[in-house]
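Report on one structure; see the data block that follows.
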Amino acid sequence: MSTLRLDRLLANMGYGSRRDIALFARQGRISLHGKRLFKPDETVALADAESGALKVDGVAVDPPSPLCVMLHKPAGFSCSHDEAGALIYDLLPERWKLRKPSLSAAGRLDKDSTGQVILTDDGDLLHRIIHPKHHAPKRYEVTLAEPLTGEEAAQFASGTFVMDGDPKPLKPAQWHPGGEKTGTMVLFEGRYHQIRRMFKTFGNHVEALHRMQTGGLALGDLESGQHRILSADDIAKIWI
């Protein structure tokens, strides 16, 4: 679909109900290429919304669907839509909670972990990122409570390593020690609390876990709690 009614387009992007958008139009708050749009049923090209030509109160509207975002998740925020307490969606523009389709995390981090979370409203992209067949490798910084034994790297890379309570062996993972209690882990699958459970099998406890990168897409210098919209080139890096 290359065009959409103005009121439906802006309502889908969370700017308000279609009735709200009609009011905005009558108030002269919406413009396209510098010209005010007074009729909510006017047809607007999605390309104009993507280019920044469509504005509300003089500010370019958010990109229409499909939208893909990278967030630097702080500790203490859940990746769920409906858990009690602070949610990662609270860190995004408030109107994004009303977007249709809604944003979902493509690979969650537990509440205590930090770092890169990719969110999208594109179901096909979401499936491609999280599906085991296409699973993009994810890189993490790990800080442990106890010193390493020296056996972890070989065990994790073996393809036969089994976590407590999970009879299926893990796919080979890359562990690179960085210090007595630190290192980086690269995973090629995403089981529930996987890194924490891997080290628990060695009797160790993960004190801090930080996701730095998915495929070739790095978190970079994005500050904690901040987000940025990903371009098509950014998204392509996930599978590099």
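Values quoted throughout were computed directly from the atomic coordinates according to the rules given, and no laboratory measurement underlies them. Since we're looking at a predicted model, the values are computed, not measured. Positions of Cβ are generated from backbone atoms using ideal geometry, with glycine treated the same way; all protein chains shown enter the neighbour counts.
When both bridge partners sit in region 18-124, DSSP labels roughly 95% of those beta bridges antiparallel. Note: relative contact order over region 3-60, using C-alpha pairs below 8 Å and six or more positions apart, is 36 percent. So which chymotrypsin sites (Phe, Trp or Tyr not before Pro) in region 28-132 pass both tests, a DSSP loop state and at most 16 other Cβ atoms within 10 Å of the Cβ? Here the sparse-neighbourhood loop sites are F38. Taking 7 Å steps out from each Cα toward its Cβ at D90 and S224 produces label points 1.6 nm apart. Using the Cα centre of the chain as origin and beta-carbon charges of +1 (Lys, Arg) and -1 (Asp, Glu), tell me which of L170, H193, I235 is placed farthest towards the positive end of the dipole. Farthest towards the positive end: I235. Shape class of region 137-214 from the alpha-carbon gyration tensor: rounded, with the ratio a/c of largest to smallest axis under 1.5. As a length-normalised measure over Cα pairs under 8 Å and 6 or more apart, the relative contact order of the chain settles at 19 percent. For region 3-60, just say rounded, prolate or oblate: build the C-alpha gyration tensor, square-root its eigenvalues into a ≥ b ≥ c, call rounded for a/c under 1.5, and beyond that prolate if a/b exceeds b/c, oblate if not. Rounded, because the longest to shortest axis ratio a/c is under 1.5. Once each of the GluC sites (Glu not before Pro) sitting in a DSSP loop with at most 16 other beta-carbon atoms within 10 Å is removed, the chain keeps 84-150 as its longest stretch. Anisotropy class assigned to region 49-136 is oblate, per the alpha carbon gyration tensor with a/c at or over the 1.5 cut-off and a/b no larger than b/c. For percent of Cα pairs over 33 Å apart, the candidate list reads (1) 31; (2) 24; (3) 14; the entry that matches the value derived from this model is (1).
Of interest is the spacing of the C-alpha centroids, which for region 169-184 and region 23-82 amounts to 42 Å. Shown in residue order for region 120-125 are the 3J(HN,Hα) couplings computed by the Karplus curve 6.51 cos²θ - 1.76 cosθ + 1.60 at θ = phi - 60°: 8, 9, 9, x, 5, 5 Hz (x for Gly and Pro). The relative contact order of region 137-214, computed from alpha carbon pairs under 8 Å that lie at least 6 residues apart in sequence, is 46 percent.
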